[in-house]
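Written below as structure tokens is the structure these notes are about.
The values are calculated or read from the model by the stated rules, or taken from the named source; none is laboratory data. What you see is a predicted model, and the numbers here were worked out from it, not measured in a lab. Neighbour counts are summed over all protein chains in view; Cβ atoms, including those assigned to glycine, are modelled from backbone coordinates with ideal geometry.
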Amino acid sequence: MDIDDILREVDPIFHDIPQEQRDLQELTRAWVAERSAPELLPWPANGLFERINANIKTQIEKVEELTGDMDPKTNFALIVIQTELERYRYLVRSYLRARLAKIDRHALHYLSTDALRARLSDAELAYATRHQALLHNHYLSSFLSSFPANLQNLNDSAAGISMIETPDLESAVFIRLLKDTPVEGRGVDADGAMDGRESDIVILRWSDAKPLVEAGSAELV
Amino acid sequence: MPMYGDLGNKLVQHAKRTQNLAHLPPYQTELVRAVTREVRDLDKDVASLLEPFQGSFDPSADQPTACTLLVNHLSIRRNKRCLLAYHRTRTDKLEELVWNGSDVLDLAGQQAGGANGASAADGGASSSLSPQEEDYVRQYGDLLAAYKGQWTDIDLTGSLEPPRDLFIDVRVLKDAGEIQTEYGAINLTKNSQFYVRQGDVERLIAQGYLQKLG
């Protein structure tokens, strides 16, 4: 992906590029963002993964059709398709696993409010709920059940410290600006501000970068 | 005389050590039991300390008792966290093994000399997993299979290395029998070398039958 892709994505005139190509761009961007962001990002709601799944299925069928054809000319096409397929699969797999790792790490946090739950796909929600239930059960049968009843919770917030860990929203991320926009960042000693130009790359706290990314003025790299 | 929290500390040390090990060390049944007992004893202490006050305890009027109560409470909570941390570290490790597709229950039995793991918790010839952990592994395996089932075309447990080449050189480390590929059947006998499609043999590499070359 290069800067042209980004411009095309932002500029509505270019929207006559094929759906498949846009899906791939979107997947790649979601994948990069998910891997850099310290917290779970919302699951793409526009049916992206349904389309991707369908595409992968079609390509697998095509591969099966072409298999057995030993003519070197068409055989080469087969290898290209298979290579592309492997890469596509890798993107989806890596994306899903990056999400799952975050969900596993802070399961109770992501299950705690409706707004956070909405970021998960249905399958992820089912997975997280069940996984948490399994863990709790495991703790219960291993030691928690012999605790006094008032100490059996996993979500105490005694003495002002909640037992539920949350992702560190203050960790640093790299973003690339997609348009000219002022950037403000909070520092330890002093805050900083700058007039960002398009395609500038900035490092700042995720909590400061998030509004820019959500507004589409920047993307994670 | 051992202090409150000493045992919990030991558990945390075990957990810390586990993080850097390739295999899972034996479950500390005795230690877990002892820490749990300490929690119950402390809780009883708290109850008996509070009993004479009939629910109208004023911390500022009786500071020594208030201090004892505080220490007891903190020790209880600390022990609880130690136990949670210990178990979570182990389940994380177990989940990792499940993801890698290794047969965890089998593996644990082998490490401990091939004994049946479910039967005993103490002694040298038992599984390094507690019976609860064995249940957990089984259930987590089911859960993972269910989630994976929604992504059958992706092979979610596949390699997380970006694919570079469609075909790779592999050496066979253990006899793996015959496998079917779209280019025909290959007989994988020990010490032989093949040029195969990565997707066809990924599983076998993960399970240690094949070694990727180059």
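Summary of values
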quantity: Selected residue [out of contact with any helix residue (DSSP H, G or I) (no Cβ under 8 Å at 6 or more places or on another chain) and surrounded by fewer than 17 Cβ atoms within 10 Å (Cβ to Cβ)] from B:Glu178, B:Glu202; calculated: B:Glu178
quantity: Region B:28-70: number of residues that are closer than 22 Å to A:Ala149 by Cα and in a loop (DSSP other than H, G, I, E, B); calculated: 4
quantity: Residues of region A:18-57 that turn out to be at positive phi and in contact with a Ser or Thr (Cβ under 6 Å, 6 or more places away or on another chain), as a count; calculated: 0
quantity: Residue check, B:Ser119 more than 11 Å from every other protein chain (Cβ to nearest Cβ), modelled with pLDDT under 70 and either surrounded by fewer than 16 Cβ atoms within 10 Å (Cβ to Cβ) or farther than 16 Å from A:Asp104 by Cα (or both); calculated: yes
quantity: Search result, residues across region B:3-12 that are in a helix (DSSP H, G or I) and either in contact with a Lys or Arg (Cβ under 7 Å, 6 or more places away or on another chain) or over 16 Å from B:Asp92 (Cα atoms) (or both); calculated: B:Asp6, B:Leu7, B:Gly8, B:Asn9, B:Lys10
quantity: Residues (among the acidic types (Asp, Glu), touching a helix residue (DSSP H, G or I) at 6+ places or on another chain (Cβ under 9 Å) and surrounded by fewer than 16 Cβ atoms within 10 Å (Cβ to Cβ)) located in region B:22-44; calculated: none
quantity: Residue tally, condition at pLDDT below 90 and either outside the structural domain of A:Trp43 (by TED's automatic domain parsing) or touching a Lys or Arg at 6+ places or on another chain (Cβ under 7 Å) (or both), over region A:125-145; calculated: 0
quantity: Qualifying residue in region B:29-37 (condition: small (Gly, Ala, Ser) and farther than 29 Å from B:Gln207 by Cβ); calculated: yes
quantity: Subset of region A:33-65 (residues that are away from chain B (no Cβ under 13 Å) and within 22 Å of B:Pro162 (Cβ to Cβ)); calculated: A:Ala33, A:Glu34, A:Ser36, A:Ala37, A:Leu41, A:Pro44, A:Leu48
quantity: Within region B:156-175, considering residues that are surrounded by 13 or more Cβ atoms within 10 Å (Cβ to Cβ) and facing another protein chain (nearest Cβ under 7 Å), the one nearest to A:Glu61 (Cα to Cα); calculated: B:Leu166
quantity: Residue check for A:Ser145: over 29 Å from the mean Cα position of the chain (by Cα), under 20 Å from B:Val137 (Cβ atoms) and more than 9 Å from chain B (Cβ to nearest Cβ); calculated: yes
quantity: Residue, nearest to B:Thr189 (Cα to Cα), within region B:160-176, restricted to residues that are assigned to a loop (DSSP other than H, G, I, E, B), in contact with a Ser or Thr (Cβ under 7 Å, 6 or more places away or on another chain) and among the hydrophobic types (A, V, I, L, M, F, W, C); calculated: B:Leu166
quantity: Verdict on B:Glu178 being at pLDDT 75 or above and over 30 Å from B:Tyr27 (Cα atoms); calculated: yes
